[in-house]
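Take a look at the structure set out below.
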Amino acid sequence: MPFEPVIGLEVHAQLATVSKIFCGCGTRFGAEPNSQVCPVCLGLPGTLPVLNKKAVEFAVRMGLAVHCRIKEKSIFARKNYFYPDLPKGYQISQYEEPLCEDGWVGIPDGNGGVRKIRIHRIHLEEDAGKSVHDEVYVGENESLVDVNRCGTPLIEIVSEPDMHSPQEAYEYLTKLRQMVRWLGVCDGNMEEGSLRCDANISLRPAGTEGLGVKTELKNMNTFRGVEKALAFEIARQTRILESGGKVVQQTLLWDEAADEARPMRSKEEAHDYRYFPDPDLPPLVVDAAWQAEIAASLPELPDARAGRWRSAYDLPDYDIRVLNEDRGVSDYTDALLPLVPDPKKAANWVMGEVLRFLNERKADIRDFSVPPEALAEVIRLIDAGEISTSSGKKVFEEMLGSGISPRAAVEKLGLSQVSDAGALESLVDRVIAENSPEVQKYLDGKHQVFGFLMGRVMQVSKGKANPAIATETMKRKLEGMK
Amino acid sequence: MTVPYHRFRKQLEDGESTCETTVVSFLAQIRAHESLNAFVTVLEDRALEKAREIDRKLAQGGAGSLAGMVVAVKDLFAMKHVRTTCGSRILERYHSPYDSAVVGRLEEEDAIVIGKTNMDEFGMGSSSENSAYGPVLNPRDPGRTPGGSSGGSAAAVAAGLAMTAIGSDTGGSVRQPAALTGVVGLRPTYGRISRYGLIAFASSLDTVGIFSSDVTDCAILLQALAGRDPRDATSSLLPVPDYAEALRSSVRGLTFGLPREYYGEGLSPEVGEAIHAVVSLIRESGGEIREISLPLTDYGIATYYLICTAEASSNLARYDGVKFGLRIDPEGDLRRMIEETRHEGFGSEVKRRIMLGTYVLSAGYYDAYYLKAQRVRTLIRRDFENAFRECDVLIGPTSPTTAFRLGEKSEDPMAMYLSDIYTVTAPLAGLPAISIPAGLDSRGLPIGLQLTGRAFQEENLLRAGYWIEQVRIRQTGCCQPA
């Protein structure tokens, strides 16, 4: 009997606010351990949380961008459990009344269409600290706690169980990462833990509607890890069900190195979190005016932009996907497209030269030294025949290095193409005079030497001869000698 | 009883006294009354230094509104570089790295904090016997308790060891000890004074409270402490009125409500008579008296103890031995470290309340206990709203009896809890209430009269309290029991 996997993801995204969610401490990743702390995030006796407005704004931005309903009134709750890296003995989160509900994102359905993955809720919460066991400076039988991360704002994005393959989960995660980056609310870096993903997965006989017993997968630290862990768990549950066994509801930890998921010790997961509304924080009110203000500040979203490009520029879907992945690249392309008569040429330049340069340098397009206007000028010079395509690339590189204008680069490199008919005629005459054996062969009907002769023209002109006009001139001269 | 602050301030301004000599004599009084065990920490050097500084300020001009006020502070307010124990072993050596809002305000206004007062551990108790530092004795009769939990602060004012004192009132912890020691004790509206640095017992009920020898000092101190604090999200944005204004009016035009339920079973006849005597005086002087009903009074104790224990179980989770305070460290076992630390560090009443609170928040019990208590809390609030449609101030006893003997109720938690019967409902509704001395019983023990007002109408309490005080001075020649 074939089984269909049913997958739901819980994604935590660290919000890219300057300060923490309930105090003024910084949130920089990789700072000296326990250097970004204060009495509030240390949970010292008597301290109280005060909500960071920016964190709310970021969460609402994300909520609006993924079509959620923003609740005018939401409630912070305490999630109670003991752990050394949880200074207060509880995490401030949202439970019964989250900030955002009922949204969706679209992922490619594999047939050129879009499939909606529903989002159950998005809520705000604080991050816990980090327990350090395995570093060289930690003694045996010892654990150290780094509280820097305590109070870093998080949103938890909970999907409905709408995904049916590891690939769909991967696409969904990719979409979320694109969105959080696009909106500037999270850097989306899974390796550094600013984006984290847990998965719930169960199997059911294909074509049925019920839900099987699910397991929870944790500790997946890369996108590929999520895909691999899900594939592993699908195979494991399939084996159990096919042999007539029952799946046990449990939490499994993905071990990237061993390529397998192992059950958590049951003691670690048997929690009663005793949620209750946090009396230190009044209900969070996001009224219609504030919501409208945040909505008005949203940038054009990737789906809307893709649609606009498709209809205005008729670009291939593949190009759109590549160019739209990153907001910076997309904004750059969007500025470039109207400046270039052939949109496909603009797309090729960005996908080719621009992205190659950014990848090689691991650079951000926001620090890119060639503005769209300058790149458009390079493309225009090529179109006008003033420089060759290969010279264009040299010009582009020169501009990257020195930041000068396209024209100045053409001058500096001496790449201005020779298009003057008189100048080209004397070049061609010189090549004919200097290569009489080859000219003779051509006249004898061996037309394949034409390429050699043209190569000589380019060589003598140092690549500056306008190829089209030079070819035309050479043909005319040779034919005239017959 | 010493001179009230408002008179002392005149002496200071007239050059008849100095802060330094006054502090010296208070320190001598504290030493002479060491057996009362009112203080956990006496800040001798610090107070003297501060006194000299304020004497200089007074000479030069620019002294604050509380200049020279000798104030004792309950040991659950964080005070920078000073031991803050909360009456608990678990914080025996804990020094706060920051000042609570209240201590900050006091010192900004040039009050002199003379010491930190003894209390029931974490504010849990009604007799100040639940302290890791021994019980506080009632200065009126050292065989009896001063009430609790702010018993040390009440005793300090009653015995003339401080001009005023700061306490905290969760379910009566300021008003009941004020009544039992014969001083004025105010619990302001929830949100009127910042809780920042008040070490939490039950966050939705905890308020900063004021002890003083008369109503005028109470108004002066409230004026200095009230107002919005950005560090406490539950502090109110409402403007702070001029409380001194309230002290000039009469009771004419005020309607007093007599809650029928406050004069039933359990009330000592002598306390009842004393309250009725005051009620008659009010009526004779043109104040209107109306009998009203608070039908849910009987549910107050149960509702209060469900909510306060639930919040306490979470608030006290941070005392786990990881970052501060006591740590009992059995070799290399985290769970045992937390368990042993809490076992050794907490007293039995605190443990009882943590267990009760953990229970009422547990899965399967939450709806039946915590949630139901929250619903009743809403109904109790409505009870008061209805009552305040008919009157401006409620008048009744603060405590059903006068001071009880040490040990009398300490083995019977229910009897102890019932001594809060008249004080727990105002906190559930967030309302302000004040206890005013109203005579002595046949043993010469003080009787307290409680006035409860509408939210943020402390003026009415001060006005009525001041009037009662003045009438009693005229009647008896003294506002205080001899």
Qualifying residue in the stretch B:233-253 (condition: within 25 Å of residue A:88 (Cβ to Cβ), open to solvent by 10 Å² or more (accessible area, probe 1.4 Å) and in contact (Cβ under 8 Å) with a residue 60 or more places away in the chain): yes
Pair list, Cβ < 8 Å and 6+ apart or interchain, from the stretch A:52-80 residues that are under 30 Å from residue B:312 (Cβ atoms) to residues that are hydroxyl-bearing (Ser, Thr, Tyr) and crowded, with 21+ Cβ neighbours inside 10 Å: A:78/A:90; A:78/B:314; A:79/A:90; A:80/A:90; A:80/B:313; A:80/B:314
Selection within the stretch B:307-344 - more than 9 Å from every other protein chain (Cβ to nearest Cβ), under 23 Å from the mean Cα position of the chain (by Cα) and not aliphatic (A, V, I, L, M): B:308, B:309
Enumerated helices (runs of 4 or more DSSP H) restricted to the stretch A:417-482, each holding at least 1 residues that are under 22 Å from residue A:391 (Cβ atoms): A:421-434, A:450-460, A:467-481
So residue B:71, is it in the same structural domain as residue B:159 (by TED's automatic domain parsing) and open to solvent by 10 Å² or more (accessible area, probe 1.4 Å): no
Single condition residue A:287 does not satisfy, out of (1) closer than 30 Å to residue B:429 by Cα; (2) within 14 Å of chain B (Cβ to nearest Cβ): (2)
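On the given criteria, is residue A:145 of a type in the set (Val, Ile, Thr) and closer than 24 Å to residue A:127 by Cα? Working first, answer last.
Working: of a type in the set (Val, Ile, Thr): yes; closer than 24 Å to residue A:127 by Cα: yes.
Against the criterion (of a type in the set (Val, Ile, Thr) and closer than 24 Å to residue A:127 by Cα), residue A:145 qualifies.
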Evaluation of residue A:282 against (1) surrounded by fewer than 20 Cβ atoms within 10 Å (Cβ to Cβ); (2) at pLDDT 95 or above; (3) touching an Asp or Glu at 6+ places or on another chain (Cβ under 8 Å) (one fails), failing number: (3)
All positions within the stretch A:61-80 that are open to solvent by less than 50 Å² (accessible area, probe 1.4 Å) and part of a loop (DSSP other than H, G, I, E, B): A:66, A:68, A:71, A:75
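Kindly check whether there is at least one residue in the stretch A:374-389 that is assigned by TED's automatic domain parsing to the domain that holds residue A:331, of a type outside the set (Gly, Ala, Ser) and not in a helix (DSSP H, G or I). Quick ask: steps written out before the conclusion?
Taking the stretch A:374-389 first, the residues assigned by TED's automatic domain parsing to the domain that holds residue A:331 are A:374-389.
Going one step further and asking which of them are of a type outside the set (Gly, Ala, Ser), we end up with A:375, A:377-383, A:386-387, A:389.
Filter again for not in a helix (DSSP H, G or I), leaving A:386-387.
There is at least one residue in the stretch A:374-389 that is assigned by TED's automatic domain parsing to the domain that holds residue A:331, of a type outside the set (Gly, Ala, Ser) and not in a helix (DSSP H, G or I).
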Unmet requirement for residue B:172, which otherwise passes all of (1) within 14 Å of another protein chain (Cβ to nearest Cβ); (2) assigned to a loop (DSSP other than H, G, I, E, B): (1)
Residue match in the stretch B:23-38 (condition: more than 18 Å from residue B:165 (Cβ to Cβ) and touching a helix residue (DSSP H, G or I) at 6+ places or on another chain (Cβ under 9 Å)): yes
Of the criteria (1) over 26 Å from residue B:149 (Cβ atoms); (2) open to solvent by 10 Å² or more (accessible area, probe 1.4 Å); (3) at pLDDT 95 or above, which one residue B:478 fails: (3)
Any hit, the stretch A:73-85, residues being under 33 Å from the mean Cα position of the chain (by Cα), away from every other protein chain (no Cβ under 14 Å) and at pLDDT 95 or above: yes
Where residue B:87 falls short, out of the listed (1) surrounded by fewer than 21 Cβ atoms within 10 Å (Cβ to Cβ); (2) assigned to a loop (DSSP other than H, G, I, E, B): (1)
Number of the exception - residue B:41 against (1) of a type in the set (Ser, Thr, Tyr); (2) open to solvent by less than 20 Å² (accessible area, probe 1.4 Å); (3) away from chain A (no Cβ under 13 Å): (2)
Complete set of residues in the stretch A:12-54 that are out of contact with any Leu (no Cβ under 9 Å at 6 or more places or on another chain), among the β-branched types (Val, Ile, Thr) and within 14 Å of chain B (Cβ to nearest Cβ): A:37, A:47
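Which helices (runs of 4 or more DSSP H) sit wholly inside the stretch A:202-315 and have at least 3 residues that are touching a strand residue (DSSP E or B) at 6+ places or on another chain (Cβ under 6 Å)?
On the way: elements: A:223-242, A:266-269, A:288-296, A:302-313.
Here the list reads A:223-242.
Looking for something buried (at least 18 other Cβ atoms within 10 Å of the Cβ), aliphatic (A, V, I, L, M) and within 23 Å of the chain's Cα centre (by Cα) - is there at least one such residue anywhere in the stretch A:143-151? Before the answer, list the steps.
First pass over the stretch A:143-151, keeping only residues buried (at least 18 other Cβ atoms within 10 Å of the Cβ): A:145-151.
Narrowing further to those that are aliphatic (A, V, I, L, M): A:145, A:147.
Now restrict to residues that are within 23 Å of the chain's Cα centre (by Cα): none.
Checked the stretch A:143-151: no residue is buried (at least 18 other Cβ atoms within 10 Å of the Cβ), aliphatic (A, V, I, L, M) and within 23 Å of the chain's Cα centre (by Cα).
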Check on residue A:97, closer than 22 Å to residue B:363 by Cα, more than 11 Å from chain B (Cβ to nearest Cβ) and in a loop (DSSP other than H, G, I, E, B): yes
Residues of the stretch A:174-192 satisfying the condition of being among the hydrophobic types (A, V, I, L, M, F, W, C) and closer than 18 Å to residue A:116 by Cβ: A:176, A:179
Members of the stretch B:271-302 that are under 20 Å from residue B:439 (Cα atoms) and either hydroxyl-bearing (Ser, Thr, Tyr) or under 24 Å from the mean Cα position of the chain (by Cα) (or both): B:271, B:272, B:274, B:275, B:278, B:280, B:285
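The values are calculated or read from the model by the stated rules, or taken from the named source; none is laboratory data. Computed from a prediction, not measured in an experiment: that's the story for all the values here. FYI the Cβ positions are ideal-geometry reconstructions off the backbone, even for glycines, and counts take in every protein chain you see. Ligands, DNA and RNA are excluded from the accessible area calculation, which covers all protein heavy atoms including side chains. Shrake-Rupley method; radii C 1.70, N 1.55, O 1.52, S 1.80 Å.
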